[in-house]
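J.: Just dropping this structure here.
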Amino acid sequence: MNWLFVAVAVLVVLLVVVIGIYNRLVGLRQSVRQGVADIDAQLRQRHDLIPNLVETVKGYAGHEAATLEAVIAARNAAARGAPDSGSEQQLKAALGNLLALGEAYPDLKASANFQSLQNELADVEDKLAAARRALNAAVARFNAARESFPAVLVAGPLGFAEADFHRLDASEQGTVDQVPRIGF
């Protein structure tokens with residue numbers, strides 16, 4: 001009778017431990033999913049700002065049609081593509097060209113609307129970088145919890161796969177490695 005009581009007690013303790021591990025991993029996995037959703041929201045906000053910025057520039061630099069068309073084409077490609085595709089880097093480069101037009105047109109640079117949109121875009125880029133850092137932190141916490149003992153024994157069978165860190169795609173890696181050009 002004592003052995004039966006001990007066996008049941010051990011099973012109950014193991015069940016409580018597994019439930020605790022499961023609940024913790026579920027919470028951490030939700031943090032990772034929230035991080036991905038936050039990045040998507042910031043990308044969506046960036047995509048929504050671009051038409052306003054292009055329209056503002058059109059009024060001042062109408063003959064710069066090639067730059068404006070490149071920005072719109074890159075925005076549309078990025079909107080259709082995955083967040084980690086090269087289309088986001090192409091969009092970033094096209095936006096850089098668009099913002100450089102502000103230097104060529106002093107009236108545009110002085111436009112309150114252009115400055116406001118430029119500041120909003122810079123704010124979105126800052127938020128996007130913060131969202132990527134938050135995602136990577138959430139992934140690190142989830143993967144560490146998943147791979148620690150005793151969770152490592154039950155995580156796989158319970159369906160908890162390793163989460164991926166946000167990485168630069170191939171088109172971004174070459175850009176990040178270069179020293180930025182600064183001109184006066």
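No value in this document is a laboratory result; all are computed from the given coordinates. Note that the structure is a prediction, hence the values are computed from the model and not measured. Note that each Cβ is placed from the backbone with ideal geometry, even for glycine, and that neighbours are counted across all protein chains shown.
J.: For region 1-44, what does the convex hull of the Cα positions come to per residue, in cubic angstrom?
T.: 28 Å³
J.: Quick one: if the Förster radius is 30 Å, what FRET efficiency do VAL12 and ALA144 give, using the C-beta to C-beta distance and rounding to 0.05?
T.: 0.60
J.: Report the calculated FRET efficiency for TYR22 and ARG133 (r = Cβ-Cβ distance, R0 = 35 Å), to the nearest 0.05.
T.: Taking R0 as 35 Å, the efficiency between TYR22 and ARG133 is 0.80.
J.: Mark the label point 7 Å from the Cα of LEU153 along Cα→Cβ and return the residues of region 18-33 whose backbone N is within less than 18 Å of it.
T.: 18-25, by backbone N distance to the label point.
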